[in-house]
1. Tell me, yes or no, whether region 5-27 has at least one residue that is in a loop (DSSP other than H, G, I, E, B) and more than 28 Å from Ser330 (Cα to Cα).
2. Among what's in region 292-334 and is of a type in the set (Asp, Glu) and under 23 Å from Arg244 (Cβ atoms), pick the residue that is surrounded by the most Cβ atoms within 10 Å (Cβ to Cβ).
3. Could you please find all residues in region 516-544 being surrounded by 17 or more Cβ atoms within 10 Å (Cβ to Cβ), of a type in the set (D, E, K, R) and over 28 Å from the mean Cα position of the chain (by Cα)?
4. With a cut-off of at least 3 residues that are among the basic types (Lys, Arg), name the helices (runs of 4 or more DSSP H) lying wholly within region 215-288.
5. Any idea how many residues of region 21-55 are touching a residue at least 40 places away in the same chain (Cβ under 8 Å) and open to solvent by less than 40 Å² (accessible area, probe 1.4 Å)?
6. Could you tell me whether any residue of region 36-59 is more than 24 Å from Ser502 (Cβ to Cβ), touching a strand residue (DSSP E or B) at 6+ places or on another chain (Cβ under 9 Å) and outside any helix (DSSP H, G or I)?
7. Just for region 272-282: of the residues that are of a type outside the set (Val, Ile, Thr) and surrounded by 13 or more Cβ atoms within 10 Å (Cβ to Cβ), which one is farthest from Gly325 (Cα to Cα)?
8. Need pairs with beta-carbon distance below 6 Å; first residue under 24 Å from Glu229 (Cα atoms) and within region 244-267, second charged (D, E, K, R); sequence gap 6+ or separate chains.
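The values are calculated or read from the model by the stated rules, or taken from the named source; none is laboratory data. Quick caveat: nothing in here was measured; it's all calculated off a predicted structure. Cβ coordinates were reconstructed from backbone atoms using ideal geometry, including for glycine residues, and neighbour counts include every protein chain displayed. Keep in mind that these areas ignore ligands, DNA and RNA; they rest on the heavy atoms of the full protein, side chains included. Shrake-Rupley method; radii C 1.70, N 1.55, O 1.52, S 1.80 Å.
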Amino acid sequence: MSAPTMHPPRARSLVHLGDTSFRRKDVIAGYHDMLEVLADFRRDDRPWDAVTQLEFYGLLRALAPDVFGSGGSIADDDAAKRARTYTNALAKLGFVDEQDRRITALGTMFTDGRPQLLDEVDRLCALKPENSAVLRGALSYVERTDDGGFYYPVRLLLQVLNRLEYLRIDEFALAFIAAPRLLGVEADAIVAAIETMRSDGSSLDDVLIAAERTPDQDRYIDTGVFSPEAFPNGKGPRFIEHYRRYLGALEAFRLSPDAASLARLRRAVDEGGTTVRVRFAPLQLLPGLKKKAAGPLTVHRSARYPDWDASPAVFRRALVDLFNGNRATSLVREYLDNNLRILTATGVFSVAQNQLRIGSAYAGYYFTAVDPELTVTTAAPPDDADRVTGLAARFGSDALTRTAAAIAAEQDIGPDQIEEFVAARERARFDAVISAAFPPERVLEHLEAISVDYRSAAVQALRDKEFGGKPTVPCMYEYLIGLSLYYAADRAFDPRAAFGLSLDGDFLPISHAPGLRGDIEFALDGRQILVEVTLMDPATQRRGELEPVLRHATNLACEFPDRQVVTLFIANEVDANVARIFGFGRVMELTATDGGHGVASPLIVSLRTADWLAVATAGLSDVLDLVAAESGRTEVAHLNSDWNASLISALRALSSS
C-alpha cells in the first residue's frame, strides 16, 4: 500500500493585516488616534469586557470625532462590538495585547516616535520609528494553518518577491491574500501560480474561482447530486437547505420552463431570502422574475446565467464558480486596499506603477541576503519581545555582513562606500518619484489652495486624488511645505532625513512628525534650519504652538552651539501675540529640555502660508540671509514693533528683484 500523499499546510483564512470593520484611507493616522486614547484608558487593572469596551468607544467618539464621529446614537452592544473589532487591527500588528488590549512596547514605539529602538537596518533604510514599528509588526504577524501551526504571511510575501522581483496588484492579491489558503504556505507553489497567471493571461477572478473549487464541488458538477459540503454556509444547515431547494428548482426550470417549475423557482427565491440572493443573484441573472405577471418562457429567455444553454455539467460548473466567486473574490477585493496601505506604511514596500515591490534600496538587498533564514512557518506566535526586536538582531548580525558583501560585489565598491551608495540610490529614487508627482509649480498650487481654505472640498479632493487619502490635511500641508523648502534650497538637503513626518514606500506622507523634535530640520549654508508648520487657527496657537516651537528651537540651538540656528514658523494665519513672543526669544536665555545642556536664545520668524508662497521662488539661501540678519536686533523697542511684518515685506521684495 502506498503512503498517503502529504499536502503542505494551508492557511485557514484569507490574509488581512488590518480589519475590514475599520475602513479608513488614512489608516495609520486612525491607528494613532485609537492607540493614544487606549494608552490613557487602559491604565487601571480592569478587564477588557463589554463594560470597558463601551466606555472606550465613547471616548473614541469624544476625543477623535473626525474618525469615529460624534453624532447619532449607537446601541451599547454595537458600541462594544466596534471597540473590539477596531482594536483587532492593532492586535494583529502587535501594537496592543490581544487579550487585554493594553498598549505594548511596539505600540509605544509607533505612537511616541522615539528613535531609541531603531537599529542599523532602520537607519540604512532611512525609516522613522513609526515605519519601523509597522514593519516589525507586519513581519511578526502570524496566521493559523490547517495543521494547527502558524505562518508569517509577510515573510512568505518576501520570498515570493525575491523570486519574481515584483507583483502586479492582482498578482499581489492572489499571492498574499488568497494563495496561502488555496495553494499552501510554500513560496514555490505560489510563484508557479503567478507565473502561470502571467503566461496564460488569466485574471485574478479566473484564478480564484478555479482554485476555489473543492472535491465535493467537482462531484456535484459531475453527478448533479447536491451535498452540504459543496455549498458550505457558516450559518448552519437551514441556510444550506435554501441552497439545495434553489439549485434544484433552477435546474428544473432551466430544462423544463413551465408554470409549475416557475412557481417552484419563485418559492425557492422567496424562502431563500438574502442568502440565496447574495450567492446566486437570481433577480439579477433572471430579471424576468421581477415581473410577477411574466410567464415561464419570458423568464427563461431573460436568463443571464453563464452557460445557461450548455450541458448540465457545464452549467453546474458555472453555478459553482458563481458561488465561489461571490464568496472568495469579494473578500480578496475587500482586503486588498487596506493590506497595501499597511505594507507601504512600513517605508519598505512600494506600489508605484501598480506593482508591489521592495522599493527601499537597502531593504531590497537585505531581504535577499537573509532569505535562507526567513522562516515562514512557526510552532507558536511571537511574544511582545519578539515583535519589538530590530531586524538586525532578529535575522542575525551576519545578515548585515552578507548584505554588505552582496552590495560591494555587485557594485564593485569598498565596504566604506556602501552607506553612501545606498543613500545616493534612494535619494535618486525620491527625486524621480517626487519630480513626477509633485513638481515645484504643482507644490505651490496645492499650497495656494490650502492657504485659501484648508477645509474646502477642493483640498479634500486634492488629498484623495494626489495623496490617496493617506495623510490628514495638516500632515499633507506639512509635507508640501517641506517639498517647497527642498525646491527653494535647490535640493541641497536630504528631505527623507529632514522631514520629521513618516513617509510610505513611495515617499507619500502618512502621519505627522512626533512632538519630540521639530517638523523639518536641515543644514544649509553653514546654518541649522528648523521649520515648524501648523494649520492651527490663530485663536489656538498660543495654547498649541507657543511652548513646543520655543522648546524645539531652543533644543536645536543648544545642540548646535557653534552654528547659527534659524527657525521659521509657518501657518495659514499667525496670531500677532505669538509672533511677538517668538521675537522676544532672541533676548531670553532658555535651557534645553531634551536632555541636552546649555542655554540658547532662539531666532524665530513667523510667516503666513501666503507670505511663504510669495518668497518660495526667491531662493532659500537669500531668504535665510535676510532672516539671519534680524538676529542682531535685540532692542526692546524693536521687538515691540511690527518688525516681523517689516521683515516679511523685505522678504517679499526678494522675489521681485
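1. Here is the first cut: in region 5-27, the residues in a loop (DSSP other than H, G, I, E, B) are 5-10, 12-26.
Now restrict to residues that are more than 28 Å from Ser330 (Cα to Cα): 5-6.
There is at least one residue in region 5-27 that is in a loop (DSSP other than H, G, I, E, B) and more than 28 Å from Ser330 (Cα to Cα).
2. Our first condition is that a residue be of a type in the set (Asp, Glu); within region 292-334, this holds for 307, 309, 321, 334.
Subsequent filtering for residues that are under 23 Å from Arg244 (Cβ atoms) retains 307, 321.
Numbers: Asp307: 15, Asp321: 21.
Checked region 292-334; the qualifying residue surrounded by the most Cβ atoms within 10 Å (Cβ to Cβ) is Asp321.
3. Selection gives Arg527 alone.
4. Numbers: elements: 215-223, 237-255, 259-280, 282-285.
The helices (runs of 4 or more DSSP H) meeting that bar are 237-255, 259-280.
5. Residues of region 21-55 touching a residue at least 40 places away in the same chain (Cβ under 8 Å): 21-29, 31-32, 34-36, 38-39, 42, 47-48.
Remaining after also requiring open to solvent by less than 40 Å² (accessible area, probe 1.4 Å): 22, 26-29, 31-32, 34-35, 38-39, 42, 48.
So the answer is 13.
6. Initial filter on region 36-59 (more than 24 Å from Ser502 (Cβ to Cβ)): 41-59.
Those left that are additionally touching a strand residue (DSSP E or B) at 6+ places or on another chain (Cβ under 9 Å): 42.
Those left that are additionally outside any helix (DSSP H, G or I): 42.
Yes, that holds for at least one residue.
7. Residues of region 272-282 that are of a type outside the set (Val, Ile, Thr), as a first pass: 272-273, 277, 279-282.
Applying the additional criterion that residues be surrounded by 13 or more Cβ atoms within 10 Å (Cβ to Cβ) yields 272, 277, 279-282.
Values: Gly272: 19, Arg277: 14, Arg279: 9, Phe280: 10, Ala281: 12, Pro282: 15 Å.
If we take residues in region 272-282 being of a type outside the set (Val, Ile, Thr) and surrounded by 13 or more Cβ atoms within 10 Å (Cβ to Cβ), then Gly272 is farthest from Gly325 (Cα to Cα).
8. Ala249/Arg264
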